[in-house]
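The block underneath contains the structure these notes are about, expressed in structure tokens.
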Amino acid sequence: MRWLEVHIDTNHAGLDTVQAMLSGLDVDGVMIEDEEEFQDFLENNHDYWDYVDEDLERHMAGRSRITFYLEAREAGFAKLGEVRLALEGLKQERRDLGTLLMTLEDVEDADWENNWKQYYKPMEIGERLLVIPQWEEADPGNRVPIYLDPGLTFGTGAHATTRLCLTALETLVRGGERVLDLGCGSGILSVAALRLGAGSALAVDIDDKCRTAARENAGLNGIGPDRLDILVGNLLTDGAAAEKIGGGYDLVLANIVADVIIALAPRVQGLLSPGGTFLCSGIIEGRADEVAAALNAAGLEIRERREDNGWYAFTCQ
């Protein structure tokens, strides 16, 4: 089936007005791209990222755009005509909504909502693991399969920081460990640890959406609540969450960012069992020495450093 991909360019102030106009024409399910909201998100969530892709910043520069799709057949073209007329009326009424330029692209894809799936294929990681998207079929051979729905949330194994953690887990999990996964995202590290033989895991994240994602990904791998517990909360700021997390973990994982790892460092020994291991990643090049200094100051010894495409992971005791 062919689709019409329709873009309307406006400005930040015009987004709500244009969206309301479209909704009045029964055009919902729109996608909004806005540089101001993008920059506001970056500014107010700075503790949770270290790096923004330059291509993404260039893509968002000056952009306030609404995108929606119509079927490229009679009903869709009729709806497009309604949108054109309404947009012309809006241009006459308002001069403060940017260009209100409408452009079209012809999308020849019967399943545009799912065409991103073609970019996710089974992926060998380290010596033992094979990450398999849930819709793909693959023979894991001698590898341990991890089934994942990349569409649920971030954390698919493709990023260097996750690969670093997964390859380290292969050597750290020997069987029966109690694992704490801080900043669990999709739950891939908890699932991998359990599939490698860990006894139980507690996955923690500040984002409630990760609860659903981690639970569903665990289910794809036959892991139930008896082995994987999930908690939404912030260890650093939420006393109730810190109390629930407790301590005595054989393995603590933190695939987050440098600033959070630095803030977390003084608490790590209180989370670990005697002889336990702390594995941290998400450390961009240029922050590695700073993070290492914070870990050493907290009494942790870095036993191993791993690097992949300018990202670092430390294994500490």
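The values are calculated or read from the model by the stated rules, or taken from the named source; none is laboratory data. Quick caveat, the model's predicted, so the values are computed rather than measured. Surface accessibility is based on the protein's heavy atoms, side chains included, excluding ligands, DNA and RNA. Shrake-Rupley method; radii C 1.70, N 1.55, O 1.52, S 1.80 Å.
I'd like the antiparallel share, as a percent to the nearest 5, of DSSP beta bridges with both residues in region 200-317. Rounded to the nearest five, the antiparallel share is 50 percent. In the chain, Cα pairs under 8 Å separated by at least six residues give a relative contact order of 14 percent. Rolling a 1.4 angstrom probe over region 193-294 with all protein chains present gives an accessible area of which 49% lies on carbon and sulfur atoms. Using a probe of 1.4 Å on the protein chains alone, the accessible area found for LEU182 is around 10 Å².
Each stretch of four or more DSSP H residues adds -39500 (n - 2.57); spread over every residue of the chain, this sum gives -10500 deg cm²/dmol at 222 nm. Listed by chain and number, the aspartates and glutamates whose alpha-carbon sits under 17 Å from that of LYS91, ignoring those within fewer than 8 places in the same chain, are ASP9, ASP16, GLU82.
The solvent-accessible area of GLU36, taken with every protein chain present and a 1.4 Å probe, is close to 110 Å².
Split the accessible area of region 4-45 by element, probe 1.4 Å, and carbon with sulfur accounts for 44%.
The accessible-area ordering, largest first, of the residues ASP139, ASP28 stands as ASP139, ASP28, per a 1.4 angstrom probe.
Among the protein heavy atoms, those of LEU264 account for about 10 Å² of accessible surface (1.4 Å probe, every chain in place). Counting only protein heavy atoms and a 1.4 Å probe, the chain has 50 square angstrom of accessible area per residue. The structure-derived value of semi-axes √(5λ) of the Cα gyration tensor in Å appears in the list (1) 43, 23, 17; (2) 30, 23, 20; (3) 53, 21, 15 under the label (1).
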